[in-house]
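Participant: One structure follows; several queries about it will come next.
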There are 4 protein chains.
Amino acid sequence: MDRIGKEYSITLLGSSHGKLVGVIVEGVPAGTELDVELINMELHRRRPGQSRITTERIESDSVIVETGIIDGKATGEPILAFVKNKDVDSSYYDSIKNTPRPGHADFTNRVKYKDHHDHRGGGRASGRMTVGLVIAGAIAKQMLRKLGIEVYSYTKSIAQLVARPINITEEFIYSDKNLVRVPDENLIEPFIDYVTKVKEEGDSCGGIVECQILGLPVGVGEPWFDSIESKLSHIIFSIPAVKGVEFGSGFAASKMKGSEHNDEFTLDEEGKIVTETNNAGGILGGLSNGMPVIFRTVFKPTSSIKKEQKTVDIKNKTDVSFKMEGRHDPCIVPRAVPVVSNAAACVILDLILSGGYYQIE
Amino acid sequence: MDRIGKEYSITLLGSSHGKLVGVIVEGVPAGTELDVELINMELHRRRPGQSRITTERIESDSVIVETGIIDGKATGEPILAFVKNKDVDSSYYDSIKNTPRPGHADFTNRVKYKDHHDHRGGGRASGRMTVGLVIAGAIAKQMLRKLGIEVYSYTKSIAQLVARPINITEEFIYSDKNLVRVPDENLIEPFIDYVTKVKEEGDSCGGIVECQILGLPVGVGEPWFDSIESKLSHIIFSIPAVKGVEFGSGFAASKMKGSEHNDEFTLDEEGKIVTETNNAGGILGGLSNGMPVIFRTVFKPTSSIKKEQKTVDIKNKTDVSFKMEGRHDPCIVPRAVPVVSNAAACVILDLILSGGYYQIE
Amino acid sequence: MDRIGKEYSITLLGSSHGKLVGVIVEGVPAGTELDVELINMELHRRRPGQSRITTERIESDSVIVETGIIDGKATGEPILAFVKNKDVDSSYYDSIKNTPRPGHADFTNRVKYKDHHDHRGGGRASGRMTVGLVIAGAIAKQMLRKLGIEVYSYTKSIAQLVARPINITEEFIYSDKNLVRVPDENLIEPFIDYVTKVKEEGDSCGGIVECQILGLPVGVGEPWFDSIESKLSHIIFSIPAVKGVEFGSGFAASKMKGSEHNDEFTLDEEGKIVTETNNAGGILGGLSNGMPVIFRTVFKPTSSIKKEQKTVDIKNKTDVSFKMEGRHDPCIVPRAVPVVSNAAACVILDLILSGGYYQIE
Amino acid sequence: MDRIGKEYSITLLGSSHGKLVGVIVEGVPAGTELDVELINMELHRRRPGQSRITTERIESDSVIVETGIIDGKATGEPILAFVKNKDVDSSYYDSIKNTPRPGHADFTNRVKYKDHHDHRGGGRASGRMTVGLVIAGAIAKQMLRKLGIEVYSYTKSIAQLVARPINITEEFIYSDKNLVRVPDENLIEPFIDYVTKVKEEGDSCGGIVECQILGLPVGVGEPWFDSIESKLSHIIFSIPAVKGVEFGSGFAASKMKGSEHNDEFTLDEEGKIVTETNNAGGILGGLSNGMPVIFRTVFKPTSSIKKEQKTVDIKNKTDVSFKMEGRHDPCIVPRAVPVVSNAAACVILDLILSGGYYQIE
């Protein structure tokens, strides 16, 4: 199913070159105040054509809300919200129908759906489908904000270049304003230079997005299958190009000792129980422990590159060489930043609504 | 909920010091042949007390199947299967009730459940609950095997020591027979030595488990929220002590270029479409591409250590120092190996049953 | 949630006086041939303004399919299909906001949603929402037809007037062509006369719809909570104005003896096992037994009547008398006939897809 | 699946002649006080062997709670509770394996499960499985009682004999103490006489159970698929032998006019909005309206009778005549009374927990 969430439930709609891409959101209580302009603001953050280092395709996505919000308030009905697709020429995709693009879902979709799916522009496997995730997240964020919960994300690394640890929240706001969404001013130019270089080579590069969730009370999440890690990783791994997710110390934990890794408890100035370090990434036993929830998501280099590649002609059963056309992001990371935080917001809200923590008004 | 899966659905039962730990398995068609001894074999692999480098606690877990299997065949009813807990002295856990152990779920559970949960031995947050996962996985593996699908796992690294790439399947079988479950004979002694050393220090260490799923046809999985990555990461992150999951190239992808990362398609000797490399980890667009599905799971160092640590006395609201007693695994990785493969088997079977790929007889 | 179904899943959208009413349908395999005109044909059957005995409001509902069907074939995406609402004057509903209409959901919705729901025209509680059920059913019927399964419904009774047992399928086709959808030509005029009379009185009347499902193989359904009766009654009781559902012998069974009620098994001419009577309504132990599945649904008299009624002014906390305006169906039964069969089709298809009975192509 | 419920979720376990029959209950918050003796009391009410008009089989079902309740309090874990089956001689069922009993699920189960299910004593289709429903309901009732909600049921009719309307709650308590569970003292002897007579004939009879839910606040339930009627009918139709369910006026509504059927609103002495009649059965638009929720359930005559019947020998493909042995209830209605109220309690609690109405402590 293209659906996720128990109490805050979202269903992705549409396809890359279909009439629209969007989402159905269920679970918003009647009377919830929702500002449609905040949805457009989040959509703006993932939009292509913003700078010389993203794809040159221009989309002026503006959300259309057909049901579920009247006069800035939720009615309790399912919310149908989407962005219309521009009429685009899909003939290129017909020309490559028999030569699956390396790194893309062309091959697997063709085998699974026997040519019955919408293959144009990647169809339902396209990154453009994240528009629906962003719309749903922009609604979730408004509900979380009323509870004092904020979800931030930013570029942690591109290739070998790694940003220093962030001091929320000024630096987040800073990161949101530069082209590469990095909270480290010394890295802005190096990031841009590197991405520009791989673009000129007709190549692409990967990177890491870090996300922090602030303001969660202790005890959100459930043991086992509704743990925060299980639910967050589930939605994050559905985003195209994600190859890994780690919480807190993450993969570095494999090289640590227990005496280093355990976050010792102490009392802060206000007598609140906190941990001195945060290797746990804000989660113990699947539940929030009151510290920031921190996770990192790795994005592979964009699969669409201009360099010559080898593939197979499925019809003629021969090896062929292959060069991709079109305008593509040499590095998806800056545009993936808002996708990660909005996807995360959906899950956190779902856990909160499921657990009966708050009455959101 | 303590439940996961749509068509192959499992619900974990019990708690560490309760009467039993086990599982309800739903979705096994009437008539499926199931060998209860194969369940015991998988349980044996996760059992403590197997060697000098695991906990010295001895459990002789033998599965009891109360419903759903008669004369070696599934009846179509939900299967209730469990292992009885020995009567254990839980008084130690009462003595530490007010001093949450660093790295454990004591603090978060206490806040969430207000002392109403079963806190003895970690209760429901205990690693002992993975007995239910292993039972369910041992049933799933029998069903997968009939379809030619095998799920293997082994120790990839402990601390800085990393095993070389595995050549399935001889090396897997080899790994399964040594104490540390590593498929690299040159690492057996170094692993054992390292773990023995940290144990003597009263400390613990972490590591990485790699898992390979062989024999999947092309097209298992769904786009978006039922992608193989989403579903596998969901169950894997529910296992205690997991801090990260990565597929194929994983976090290394952040430092690669597209031209390196894209797996080029070619035809093998039999004319089957394969990829020359497997950075995708066997998955494109959420669907299996016919190559081995490969993922790695990082386990933090065991939280239970004998070294002195700081914590907080919750009742008296003071910082206290704290030394843990009891017998614990200095490194959980070797015992986590079968937990990972069995958890993965549950998810893969669920995807296969949901997609209507096969009629399992 | 406004959603039902596991493998064939539908989510109702919109509200009576909102922009649209419609449905999201998930679970249609890519490549399924779907004729949009057959959806319009089913919508035509529930449309008002068809005759002198239905409401005089005129709606020319024509379905718009935004996603999921291209060139007469399903793409595998969720199908978004709806009918646009005409701009209507909702001021009447504002004038009665404080005086809940007897028999309607005004009072309960107001208490539950604290005035935040869309109350115009009954909002989400309106019978107009059945447009989404009919669209989803019209798709389901096309898939069922390929498996040789047909779902028929017709008016069984209005007030005291009860049609004789039907001989499928000629009589069904006949019933579908007369104004009151009755398969008994001797009852057409009496039905029309009776409804005309209550309409002239400013009153309304109820009746019973019978539904038959033909062509089901033996064994569709599951024991217990996915029994055919459980699943059918669930969706049928969601239709506004339904007060009861009975299968086979139904309420008459309370007055029968076992020796009368038990349907004895025998062999038909072709050696197929059949039952001599069908008090079971085609279902034994929750599973289809190969005989026609038969159930009856009772609809209460339309709540909207012109006669003076008593209600309460919620704001002023006083009893008031009340006369409704507007054009309403004096008897909803003929228009409910296609709603019942289309709702039933959704459930039957869901059971079939869940049970892996067929591969629908 | 053998599972129902979203927030209060129950899974039935076992089979008639297996090791046990019982249930897994999920969704009871940690700390909820639960009296196991109240479970036994409800089980006692459905127990056979209580009188000369029920089956003479004797079962002394006493519940065993293996997980989820410690010292009279829920731990938050899934609750595993069951009744052990006595060792019984199943050889009779082997002797009738090829001659499906009229009215039973033998034929449909055999076709669906191809002899792989547990056929002994009806297996999973047996009325004995309602033990699990009663256990789950007995837990739900304890939670509802804290919210001031009570679920009552009683025999409304047997054959032609119909009890007069009940004045809760004295009469309910009265009904619970007589053999036939009727709240009308003038009907006790006639009921017993009638059932005794059909028993002597080797025959059986049906009847109707009425259920009332008192104390529900206004607004419980959801529009459409989570309406009170949809959810109640779903679980009630899963009970073996049920042929129909009606709410409030029920099937009689087909013969009423709107002006008779509409329940007019008025203010009671305390200024609370009530309706003067209750044809709605306490539900408007799927939501509770504050009046008693009333529904009736019809049970067919017991299928197991001693009179000679015809059936088919499946193996030899011949018509045969057939006489059943064993001890059976000539009328299941008195024993079905507690099954109906306990099943209803599960659904009502689920709706309340899903809607976030109350924090149950």
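The values are calculated or read from the model by the stated rules, or taken from the named source; none is laboratory data. This one's a predicted model, so the numbers in the text were calculated from it and none came from an experiment. Methodologically, a virtual Cβ is constructed for each residue, glycine included, from the backbone with ideal geometry; neighbour enumeration extends over all protein chains shown. The accessibility values were calculated without ligands, DNA or RNA, using every heavy atom of the protein model including side chains. Shrake-Rupley method; radii C 1.70, N 1.55, O 1.52, S 1.80 Å.
Participant: Between the stretch A:103-134 and the stretch B:268-321, how far is it from one alpha carbon centroid to the other, in angstrom?
Facilitator: Between the Cα centres of the stretch A:103-134 and the stretch B:268-321 lies a distance of 27 Å.
Participant: Hey, can you list the residues from the stretch C:173-214 whose accessible area shrinks by 10 Å² or more with all protein chains present, relative to the chain by itself (probe 1.4 Å, no ligands or nucleic acids)?
Facilitator: C:Y194, C:E201, C:D203, C:S204, C:G206, C:I208
Participant: From the phi angles alone, apply the Karplus equation (6.51, -1.76, 1.60; θ = phi - 60°) to the stretch B:96-105 and give each ³J(HN,Hα) in whole Hz, x where the residue is Gly or Pro.
Facilitator: 10, 4, 9, 10, x, 6, x, x, 9, 8
Participant: Out of residues 5 or more away from B:S15 or on other chains, whose amide H comes under 5 Å of its own, with H placed 1.01 Å from N in the peptide plane?
Facilitator: Distant-sequence amide H within range of B:S15: B:L20.
Participant: Suppose all protein chains stay in the model; what accessible area per residue would a 1.4 Å probe give for the stretch D:3-354, in Å²?
Facilitator: 33
Participant: Give a residue-ordered list of calculated ³J(HN,Hα) values for the stretch D:263-273 (Karplus: 6.51 cos²θ - 1.76 cosθ + 1.60, θ = phi - 60°; whole Hz; x for Gly, Pro).
Facilitator: 8, 6, 7, 8, 9, 7, 4, 8, x, 7, 6
Participant: Another question, then. Hey, any idea what the orientation-averaged projected area of the convex hull of the stretch D:3-354's Cα atoms comes to, in nm²?
Facilitator: Values: hull surface 77.3 nm².
Dividing the Cα hull surface by four gives the mean projection, 19.3 nm².
Participant: How much FRET efficiency would the formula 1/(1 + (r/R0)^6) give for C:D115 and C:K84, where r is the Cβ-Cβ distance and R0 is 22 Å, rounded to 0.05?
Facilitator: Working: r = 26 Å, r/R0 = 1.19.
Approximately 0.25, to the nearest 0.05.
Participant: Return the FRET efficiency for the residue pair C:K146, C:E170: r is the Cβ-Cβ distance, R0 is 25 Å, and the value is rounded to the nearest 0.05.
Facilitator: Numbers: r = 23 Å, r/R0 = 0.90.
Given R0 = 25 Å and the Cβ-Cβ separation, E is 0.65.
Participant: Excluding ligands, DNA and RNA, what is the accessible area buried between chains D and C, summed over both sides, using a 1.4 Å probe, to the nearest 100 Å²?
Facilitator: Values: alone 17850 and 17860 Å², together 27380 Å².
Rounded to the nearest hundred, the buried surface is 8300 Å².
Participant: Moving to a separate point now. Could you tell me which of rounded, prolate or oblate describes the stretch D:135-193, using a ≥ b ≥ c as the square roots of the eigenvalues of the alpha-carbon gyration tensor, with rounded for a/c under 1.5 and, failing that, prolate when a/b is larger than b/c and oblate otherwise? Mind dumping the intermediate values first?
Facilitator: Numbers: a/c = 2.85, a/b = 2.18, b/c = 1.31.
It comes out prolate by the Cα gyration axes.
Participant: Calculate how steeply helix A:333-355 sits against the longest principal axis of the alpha-carbon atoms of chain A, using the helix alpha-carbon long axis, and give the answer as 0 to 90 degrees to the nearest 10.
Facilitator: Long axis of A:333-355 versus the principal axis of chain A: about 50 degrees.
Participant: Next up: Just the number, please: carbon plus sulfur as a percent of the accessible area of chain D, 1.4 Å probe, no ligands or DNA/RNA counted.
Facilitator: Numbers: 6020 of 12170 Å².
Carbon and sulfur atoms account for 50 percent of the accessible area of chain D.
Participant: Here's another thing I want to ask about it. To the nearest 0.05, how large is the calculated FRET efficiency for B:N98 and A:E185 if R₀ is 45 Å and r is the Cβ-Cβ distance? Numbers along the way, then the final one.
Facilitator: On the way: r = 46 Å, r/R0 = 1.03.
For B:N98 and A:E185, the calculated efficiency is 0.45.
Participant: Relative contact order of chain D, please, whole-number percent, based on alpha carbon pairs below 8 angstrom and at least 6 residues apart. Don't jump to the answer; show the numbers that get you there.
Facilitator: Details: 726 pairs, mean separation 82.2, N = 361.
Contact order relative to length: 23 percent.
Participant: Can you list the residues of the stretch C:10-31 that have at least 10 square angstrom less accessible area with all protein chains present than in their chain by itself, probe 1.4 Å?
Facilitator: Those residues are C:T11, C:L12, C:L13, C:G14, C:S15, C:K19, C:L20, C:I24, C:E26, C:A30, C:G31.
Participant: Pick out, in residue order, every one of the GluC sites (Glu not before Pro) in the stretch B:145-222 that is DSSP loop and has at most 16 other C-beta atoms within 10 Å; say none if there are none. Can you show the working numbers first?
Facilitator: Values: sites: B:E150, B:E170, B:E171, B:E185, B:E200, B:E201, B:E210; in loops: B:E201.
Sites meeting the loop and neighbour criteria: B:E201.
Participant: For the stretch A:234-240, just list the computed ³J(HN,Hα) in residue order, Karplus coefficients 6.51, -1.76 and 1.60, θ = phi - 60°, integers in Hz, with x standing in for Gly and Pro.
Facilitator: So the J values, rounded to whole Hz, are 4, 6, 5, 6, 7, 6, x.
Participant: Going by amide H atoms built from the backbone, whose H comes under 5 Å of the H on D:T67, apart from near neighbours?
Facilitator: Answer set, sorted by chain and number: D:L80.
Participant: One decimal, nm, shortest first: give the distances between the label point of B:P190 and those of the same position in the other copies, each label point 7 Å from Cα along Cα→Cβ.
Facilitator: Counterpart label points of B:P190 in the remaining copies fall at 3.1, 9.1, 9.4 nm.
Participant: Within the stretch B:159-184, find all residues whose amide N lies under 18 Å from a label point positioned 7 Å from the Cα of B:D268 along Cα-to-beta-carbon.
Facilitator: Under cut-off, by backbone N: B:166-172.
Participant: What is the Cα coordinate range of the protein assembly as shown on the first, second and third principal axes, sorted by size from largest, in whole angstrom?
Facilitator: Cα spread of the protein assembly as shown along its principal axes, largest to smallest: 85, 69, 68 Å.
Participant: What are the label-to-label distances in nm, one decimal and shortest first, from A:S62 to the same spot in the other copies, with labels 7 Å along Cα to Cβ?
Facilitator: 2.8, 7.4, 7.5
Participant: Shortest first, in nm, what separates the label point of D:M41 from those of the same position in the other copies (7 Å along Cα→Cβ)?
Facilitator: From this label point to the equivalent ones elsewhere in the assembly: 5.2, 5.7, 6.0 nm.
Participant: Sticking with this one: Where in chain A is the longest stretch that carries no trypsin sites (Lys or Arg not before Pro) classed as loop by DSSP and with at most 13 other Cβ atoms within 10 Å?
Facilitator: On the way: sites that count: A:R52, A:K86, A:K114, A:K146, A:K177, A:K272, A:K315, A:K317, A:K323, A:R327.
Of all site-free stretches, the longest is A:178-271.
Participant: Additional query: Are any of the pairs C:K306/D:K243; A:K146/C:K112; B:K73/D:K86; D:K156/D:K231; C:K307/D:K243; A:K112/B:K73 more than 29 Å apart by Cα-Cα distance, and if so, which? Could the numbers behind the result be given before it?
Facilitator: Values: C:K306/D:K243 36 Å; A:K146/C:K112 22 Å; B:K73/D:K86 22 Å; D:K156/D:K231 22 Å; C:K307/D:K243 36 Å; A:K112/B:K73 32 Å.
Flagged as over cut-off: C:K306/D:K243; C:K307/D:K243; A:K112/B:K73.
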